[in-house]
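Heads up, the thing below is written out as structure tokens.
Bear in mind that the values in this text are calculations on the coordinates, not laboratory data. Model, not experiment: these values are computed from the prediction. Because the Cβ atoms are built from the backbone with ideal geometry, glycine has one as well, and the counts that use them run over all protein chains shown.
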């Protein structure tokens with residue numbers, strides 16, 4: 001039996017721009033674009049909350065539905081350049097994100113992490129950002145390993161709207 005004929009295909013064409021960009025490195029800073037854009041464009045940028053020093057945003061190319069990020073507004077690549085106030089707000093927005101995700105999509109757990117440098121997997125290595133990745137029992141399956149494909153179970157914009165409402169209800 002031909003292995004090729006046994007494969008099933010899942011189409012995820014929205015990921016192609018990211019694949020093309022990440023193979024060459026990201027040249028522009030989408031986080032700085034968000035910082036500099038007017039608030040009226042927050043939904044377009046998937047920006048959930050603008051803090052005094054940091055942002056809470058949804059990942060446009062998520063590992064799972066509800067994949068969020070917390071990033072300082074300042075364009076820094078080195079964690080040692082963050083000030084105590086930056087760390088305090090990163091912590092606060094991480095708590096807000098976890099609570100909003102628990103209220104809306106009810107994951108069983110989370111992965112939190114920072115990809116520091118290109119070799120660690122950072123697609124945008126010049127602007128620090130923490131990933132908040134919701135996880136569910138049984139969400140690790142054969143697709144990422146065998147098919148190099150992740151299955152996202154919820155529309156990106158529906159998820160954004162749900163999480164946005166939960167974040168706003170917290171009155172940070």
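Given R₀ = 25 Å, FRET efficiency for residue 158-residue 111 by Cβ-Cβ distance, to 0.05?
Values: r = 22 Å, r/R0 = 0.88.
For residue 158 and residue 111, the calculated efficiency is 0.70.
For residue 84 and residue 120, FRET efficiency with R0 = 25 Å and r from the beta-carbon atoms, rounded to 0.05?
On the way: r = 25 Å, r/R0 = 0.98.
Working from the Cβ atoms, E equals 0.55.
How long are the semi-axes of the equivalent ellipsoid of the range 36-169, defined as square roots of 5 times the Cα gyration tensor eigenvalues? Whole Å, largest first. Mind dumping the intermediate values first?
Numbers: eigenvalues 109, 72, 38 Å².
Calculated on Cα positions only, the semi-axes equal 23, 19, 14 Å.
Provide the gained length on full extension for the span residue 28 to residue 99, in nm with one decimal, where the gain is 0.36 nm per separating residue minus the Cα-Cα distance. Write down the numbers at each step before the final one.
On the way: separation 71, 0.36 × 71 = 25.56 nm, distance 3.09 nm.
Roughly 22.5 nm would be gained on extension.
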